[in-house]
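Inspection log for the structure reproduced underneath, given as structure tokens.
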Amino acid sequence: MKFKTVQLTDIGNYRKSNQDYLDFTENKTGQALGIVCDGMGGHASGDIASKMAVTNFVSIFKKTNFTKMTGSEDIHSWLRRTVNEVLEIMIKYANSHKETLDMGTTLTAVLFVDEERAFVVNVGDSRTYKLDEENEALNQITMDQNLENTTNEKEKEAAKNTILFQRMTEQTFWKVLTSALGPKKQLKIDIYDVKPQGTWILTTDGVHDYVDEELVVATLLNEKMKQKRKGQLIIEDAKDNMSTDNLSILLIEAE
């Protein structure tokens, strides 16, 4: 497969540091990996967590021989095993750097295995999308692992009477993560099988929570615009809409 990519990250309007980290890489046997992580801003060492997650995931990917992984379950197992290997590395680091024990990060990644198979792995609320050119729409592949999506209606009504709910805005309460990658975090790994060809968009919530999807689609469909400029405009739109977080986007055109 052939890939055209752009990866952009921005500190944003209000943050004092950038805790996002992202990468795209290919190996010698034709596989490719795109990955985006968002260190949890309310926790110590979020920048360390996101960088460790990306660099170690990429390192394991580059050392892996995928030629014998003929079934989808083989890839699913590899993805789960790799996330857990990264977690073990983070735990080992945190045990010798106690100030980082509470670090955490989201993780969303797409693994291109061959011309027929791509797999998305997700932890937290960074997102992977694919552009639906025929219907001029964004297809969100991942589901945010937060209270909004993991709480049933009866539990949601009960939650509104809690002290925590009353201390937060309704929007920020439902965005509280129910899964993250870190030494002391609850971990849930979601995996999705997707056809590889097309335009992929991986973002942190500093981008996707603050953009107009119709504008994003129009930007991505603009054949006269270079790929880097498309990414820049999407980030600029989020910042203009008062994004309060770091902003990262990985655009991948796969054919």
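Per-residue answers, yes or no, for (1) over 25 Å from Gly198 (Cβ atoms); (2) of a type in the set (Gly, Ala, Ser):
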residue: Val36; (1), (2): no, no
residue: Gly46; (1), (2): yes, yes
residue: Ala49; (1), (2): yes, yes
residue: Val54; (1), (2): no, no
residue: Val58; (1), (2): no, no
residue: Met69; (1), (2): no, no
residue: Ile75; (1), (2): no, no
residue: Arg81; (1), (2): yes, no
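For region 203-235, the tally of residues that are out of contact with any Lys or Arg (no Cβ under 7 Å at 6 or more places or on another chain) and surrounded by 15 or more Cβ atoms within 10 Å (Cβ to Cβ) stands at 15. Scanning region 126-147 for residues that are of a type in the set (A, V, I, L, M) and either touching a Phe, Trp or Tyr at 6+ places or on another chain (Cβ under 8 Å) or buried (at least 19 other Cβ atoms within 10 Å of the Cβ) (or both) returns Leu131, Leu138, Ile141, Leu147. Scanning region 120-132 for residues that are within 21 Å of Asn149 (Cβ to Cβ) and in a strand (DSSP E or B) returns Val120, Val121, Asn122, Val123, Arg127, Thr128, Tyr129, Lys130.
Do you know which of the residues in region 78-125 that are of a type in the set (Ser, Thr, Tyr) and modelled with pLDDT of 95 or more is surrounded by the fewest Cβ atoms within 10 Å (Cβ to Cβ)? Steps first, please.
Taking region 78-125 and keeping what is of a type in the set (Ser, Thr, Tyr), we get 82, 93, 96, 100, 105-106, 108.
Then keep just the ones that are modelled with pLDDT of 95 or more; that gives 82, 93, 96, 105-106, 108.
Numbers: Thr82: 20, Tyr93: 18, Ser96: 7, Thr105: 31, Thr106: 29, Thr108: 27.
It comes out as Ser96.
Selection of region 191-225 for residues being over 16 Å from Ser243 (Cα atoms) and assigned to a loop (DSSP other than H, G, I, E, B) yields Lys195, Pro196, Gln197, Asn222, Glu223, Lys224, Met225.
Consider Thr244 carefully, then state whether it is farther than 30 Å from Glu73 by Cβ, more than 18 Å from the chain's Cα centre (by Cα), modelled with pLDDT under 95 and β-branched (Val, Ile, Thr). Break it down into steps so the answer makes sense when it comes.
On the way: farther than 30 Å from Glu73 by Cβ: yes; more than 18 Å from the chain's Cα centre (by Cα): no; modelled with pLDDT under 95: yes; β-branched (Val, Ile, Thr): yes.
No; evaluated as a whole, the condition is false for this residue.
Of all residues in region 215-244, how many are more than 20 Å from Lys130 (Cβ to Cβ), in contact with a strand residue (DSSP E or B) (Cβ under 8 Å, 6 or more places away or on another chain) and of a type in the set (D, E, K, R)?
Quick first cut of region 215-244, residues more than 20 Å from Lys130 (Cβ to Cβ) only: 224, 226, 229, 232, 236, 239-244.
Those left that are additionally in contact with a strand residue (DSSP E or B) (Cβ under 8 Å, 6 or more places away or on another chain): 232, 239.
Add one more test, that the residue is of a type in the set (D, E, K, R), and what stays is 239.
Final tally of qualifying residues: 1.
The values are calculated or read from the model by the stated rules, or taken from the named source; none is laboratory data. Owing to the predicted nature of the structure, the values given are computational and were not obtained by experimental measurement. Neighbour counts run over all protein chains shown; Cβ positions are idealised from the backbone, glycine included.
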